[in-house]
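Heads up: the structure comes next, in structure tokens.
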């Protein structure tokens, strides 16, 4: 629900308030950094852990996080929450699957068919002449998915993932501050826009990621990946109920193909 909330809140803020994508990104990342640092301090019961957490992480991961957040923001200014998630989500999984293949992993026929089904769902969503998002915005959202996949790969094996995430958020916020300065002639904001950005950064991003790392300890990697298949469905329903976004047959068909295809990749067939 937290991951789905990022898409719904982002769409709400960037479409229904005056805040511009650059400043939305800045407020979101800065709020996430602060909340994550406070969570780390609470976990260790030591106030100085706030500054310690902000020293964790690294600039490469911070740059990947920033790339995800800024492309996410600019793309959501021009597309529905459900369409954005259907472009973002499979690119995260495809990036991570691609890295596994590069490392020597192999897909069986069932998994390969699943990957093809997911790709067909994406192509249907982007096919010219249908109710598709603008190509530039679609490319930005898919790029955001690749960036998040890279960030996820870089974060595997962190000894203190919450502290590392806090440090990466802080670095991403500094990069977002630089972008905000460069785009100051186009600044737009209002109280509601800033509030939505803080909610996304502090709650659905900061608290959501912290909770995710806690539950990951009790889940197998495959189970965790399959659980994430619920995200596009929740966004589709949330967009219809909260944002009055239409549910079209194209969207439903693409959702089934993408989610079903990735589920096939994540759940190998047992050989007898």
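The values are calculated or read from the model by the stated rules, or taken from the named source; none is laboratory data. Since the model is a prediction, treat every value here as computed from it, not as a measurement. Virtual Cβ from ideal backbone geometry, glycine too; neighbours counted across all protein chains shown.
Each residue in the stretch 107-143 was checked for being free of Cβ contacts under 8 Å to residues at least 60 places away in the same chain, outside any loop (DSSP other than H, G, I, E, B) and under 24 Å from residue 74 (Cβ atoms), and 6 pass. Within the stretch 144-158, is there a residue that is closer than 25 Å to residue 249 by Cα and either modelled with pLDDT of 85 or more or in a loop (DSSP other than H, G, I, E, B) (or both)? The answer is yes; a qualifying residue exists.
Residues considered: 211, 250, 236. Of these, the only one that is touching a helix residue (DSSP H, G or I) at 6+ places or on another chain (Cβ under 9 Å), at pLDDT below 85 and closer than 20 Å to residue 120 by Cβ is 250.
Would it be correct to say that residue 224 is surrounded by fewer than 19 Cβ atoms within 10 Å (Cβ to Cβ), more than 14 Å from residue 25 (Cα to Cα) and modelled with pLDDT of 85 or more? Here the answer is no, as residue 224 does not meet what is asked. Residues in the stretch 70-91 that are assigned to a helix (DSSP H, G or I) and surrounded by fewer than 23 Cβ atoms within 10 Å (Cβ to Cβ): 2 in all. Only a single item in (1) at pLDDT below 85; (2) within 30 Å of residue 21 (Cα to Cα) is not met by residue 106, and it is number (2).
Inspect the stretch 173-187 for any residue being crowded, with 19+ Cβ neighbours inside 10 Å, at pLDDT 85 or above and not in a helix (DSSP H, G or I) and give the result as yes or no. There is no residue in the stretch 173-187 that is crowded, with 19+ Cβ neighbours inside 10 Å, at pLDDT 85 or above and not in a helix (DSSP H, G or I).
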